[in-house]
Amino acid sequence: MAFFEVLSEDQMAPEAREWIGVVKKRKKSDRVDRFYYASAAHPRVLKTFVQALEGFNPIPSRFGACNYIAGMLIAHAKRCRSCFETSRTALGSLGFDESTLDRMCELPQMLPLSERERHIIEFTLRAARDPQGLKPAEFGELERAGFSREEVLEMIGIAAYWNLATTLGSAVDAGLRE
């Protein structure tokens with residue numbers, strides 16, 4: 001028996017049903033990952049996660065597909081299967097084919113990106129993997145590359161969101177295994 005229970009919508013508190021509705025609307029699908037249904041037992045956790053998703057991963061994003069590419073690469077590195085699949089699905093809906101996505105994971109330095117997009121992806125990955133290792137000079141490099149302070153903060157927010165998503169997704173998925 002799994003540690004976490006996947007609730008049906010009729011078992012959920014009204015607030016949890018409301019947040020599940022937000023996720024369905026965002027995904028434009030009635031099919032929602034079971035992570036959300038397991039999280040519905042604690043509406044505050046579900047609400048916080050969905051609000052972070054809405055805030056840091058807006059559709060469309062000022063960074064276009066870069067936030068999903070960064071998310072896919074972060075999820076791949078952290079081995080969060082549900083986050084990885086969510087990112088790939090979003091990228092697929094933006095027109096990326098499976099072989100391109102596979103190559104992105106194998107050789108992220110070979111991504112067919114503009115210089116600006118490369119800066120976004122590389123900085124977001126560094127911020128997600130080793131925030132304490134960021135150097136003051138990196139912020140100056142981003143500024144010289146044309147990024148505003150607000151954009152740099154948004155990149156950090158995207159990294160933070162994907163760290164939150166991979167932690168919640170992986171841990172809840174582990175608790176859902178039989």
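The numbers here are math on the coordinates, done by the rules we state, and not lab data. Because the structure is a prediction, the values reported are computed rather than measured. For neighbour counting, all protein chains shown are included, and Cβ atoms are generated from backbone atoms with ideal geometry for every residue, glycine included.
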Tell me, what is the FRET efficiency for Arg149 and Met110 to the nearest 0.05, using R0 = 30 angstrom and their Cβ-Cβ distance as r?
0.50
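If you build the Cα gyration tensor of region 1-56 and take the root of 5 times each eigenvalue, what three semi-axes come out, in whole angstrom, biggest first?
They are 17, 12, 11 Å, listed from largest to smallest.
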Taking the 0 to 90 degree range and rounding to the nearest ten, how far is the long axis of helix 66-78 tilted relative to the main principal axis of the chain, both from C-alpha atoms?
70 degrees
Grab the eigenvalues of the alpha-carbon gyration tensor for region 1-155, scale each by 5, take roots, and send me the semi-axes largest first in whole angstrom.
31, 18, 15
How big is the convex hull of the Cα atoms of region 53-141, per residue, in Å³?
112 Å³
For the chain: lysine pairs under 27 Å (alpha-carbon distance), excluding those fewer than 8 apart on one chain
9
